[in-house]
Amino acid sequence: LKPRRHDILRGKLYIVGLGPGRIEDMTFSAQRVLKDSDVVIGYSAYMSMIRNQLCERTEVITTEMVKVVERADMAVREAMKGRIVSIISSGDSGIYGMAGPVFQTIEELNADIDVEVIPGMTAMSVAAAVLGAPLMQDVAVISLDRLVPLYIILKRVDLAGQGDFVIALYNPKSKTRTDYLEQATEILLKYHSPDTPVGIVKDAGREGEEKNITTLGKLKDADVDMFCIVIIGNTKTYVKNGKMITPM
Ligand code: SAH
């Protein structure tokens with residue numbers, strides 16, 4: 001079928017998850033849509049990762065100091081011009097990535113464009129592979145992000161502890177949120193022994209990857225920053241030969 005004229009003019013916006021950083025961990029779909037794009041928008045750190053994937057004619061817009069919402073706004077407006085646009089996220093674009101802000105912006109601007117979410121390998125999966133097999137039972141994924149009020153974050157941590165979920169903590173620490181992790185740890189110690197295994201992976205699947213398997217009791221003193229993901233075991237999780245394992 002020949003595309004209708006309307007389809008030719010209609011802009012297309014891809015919301016692309018790049019995975020942790022290596023090209024071989026990026027999906028073929030992500031690689032294909034990046035090649036097809038007229039414009040690619042995202043942080044320069046991620047852009048340098050994918051620069052070789054782009055065509056020479058591709059316009060690159062790096063958005064260093066720009067807030068998430070403004071970046072989404074830029075991407076939607078580019079697509080509204082009838083262009084093919086990719087906006088990139090690390091990991092999975094649908095997990096604490098650009099997908100949410102982009103859909104919200106499309107609604108706000110009432111934008112008549114096509115949108116496609118291209119998922120990627122999320123930090124939790126990459127870190128789990130580094131640690132062993134910690135995610136074998138049910139998992140609660142929680143971000144200690146400041147966009148959500150602290151009492152809600154801590155309530156979710158509490159309920160995940162009560163439910164004996166394995167917990168994956170994204171955004172565990174930043175310069176301004178140094179004590180959320182400590183508070184979360186205190187709550188979990190109500191339900192779990194201090195010996196509960198905890199895996200910390202920094203820059204999972206990237207250059208300089210580091211892993212540390214410690215315990216809930218020692219988590220307060222562990223080295224954790226915003227490039228880390230923290231996986232807290234449940235009451236069944238154990239460590240054997242340096243691997244963190246949650247039995248099925
Ligand atoms: N969309 C991303 C998450 C973005 S939120 C994804 O699906 O992975 C940013 C947080 O994700 C960081 O603070 C960190 O906790 C985690 N993160 C992302 N990539 C990571 C990596 N390669 N190694 C460890 N943690 C990572």
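The values are calculated or read from the model by the stated rules, or taken from the named source; none is laboratory data. What you see is a predicted model; the values in this text were computed from it and never measured. Here the Cβ positions follow ideal geometry from the backbone for every residue, glycine too, while neighbour counts run over all protein chains shown.
When segment 10-26 is filtered for residues that are part of a loop (DSSP other than H, G, I, E, B), farther than 16 Å from ILE87 by Cβ and within 15 Å of the ligand (Cβ to nearest atom), the ones remaining, listed by number, are PRO20, GLY21, ARG22. Tell me which of these TYR46 doesn't satisfy, since it passes every other one: (1) within 17 Å of SER93 (Cα to Cα); (2) at pLDDT 95 or above. In the conditions (1) within 17 Å of SER93 (Cα to Cα); (2) at pLDDT 95 or above, TYR46 misses (2) alone. All of (1) closer than 30 Å to LYS12 by Cα; (2) touching a residue at least 60 places away in the same chain (Cβ under 8 Å); (3) within 18 Å of the chain's Cα centre (by Cα) hold for ASP112 with one exception: (3).
Against the test of being of a type in the set (Asp, Glu) and within 13 Å of the ligand (Cβ to nearest atom), the options ASP195, ASP203 yield a single qualifying residue, ASP203. When the residues of segment 137-160 are filtered to those that are hydrophobic (A, V, I, L, M, F, W, C) and within 17 Å of LYS175 (Cα to Cα), the one that is nearest to the ligand (Cβ to nearest atom) is LEU144.
Scanning segment 54-106 for residues that are at pLDDT 95 or above, part of a strand (DSSP E or B) and not aliphatic (A, V, I, L, M) returns SER86, GLY91. Filtered by the rule that a residue be free of Cβ contacts under 8 Å to residues at least 60 places away in the same chain and either more than 28 Å from VAL68 (Cβ to Cβ) or among the aliphatic types (A, V, I, L, M) (or both), segment 132-151 gives ASP138, VAL139, ALA140, VAL141, ILE142, LEU144, LEU147, VAL148, LEU150. When restricted to residues that are in contact (Cβ under 8 Å) with a residue 24 or more places away in the chain and either closer than 20 Å to LYS236 by Cβ or crowded, with 22+ Cβ neighbours inside 10 Å (or both), segment 195-217 contains 10. For LEU154, the test of being in contact (Cβ under 8 Å) with a residue 12 or more places away in the chain, closer than 19 Å to LYS218 by Cβ and not in a loop (DSSP other than H, G, I, E, B) is failed. Considering each of ILE152, ILE118, ILE106, ILE113 in turn, give the residue that is β-branched (Val, Ile, Thr) and closer than 25 Å to LEU189 by Cβ. Selected residue: ILE152, the only one of ILE152, ILE118, ILE106, ILE113 that is β-branched (Val, Ile, Thr) and closer than 25 Å to LEU189 by Cβ.
The requirement of being near the ligand (Cβ under 9 Å from one of its atoms), touching a residue at least 24 places away in the same chain (Cβ under 8 Å) and of a type in the set (A, V, I, L, M) is satisfied by ILE95.
The number of residues in segment 161-173 being more than 16 Å from the ligand (Cβ to nearest atom) and modelled with pLDDT under 95 comes to 0. Residues of segment 224-248 that are surrounded by fewer than 20 Cβ atoms within 10 Å (Cβ to Cβ) and either small (Gly, Ala, Ser) or assigned to a helix (DSSP H, G or I) (or both): GLY242 alone.
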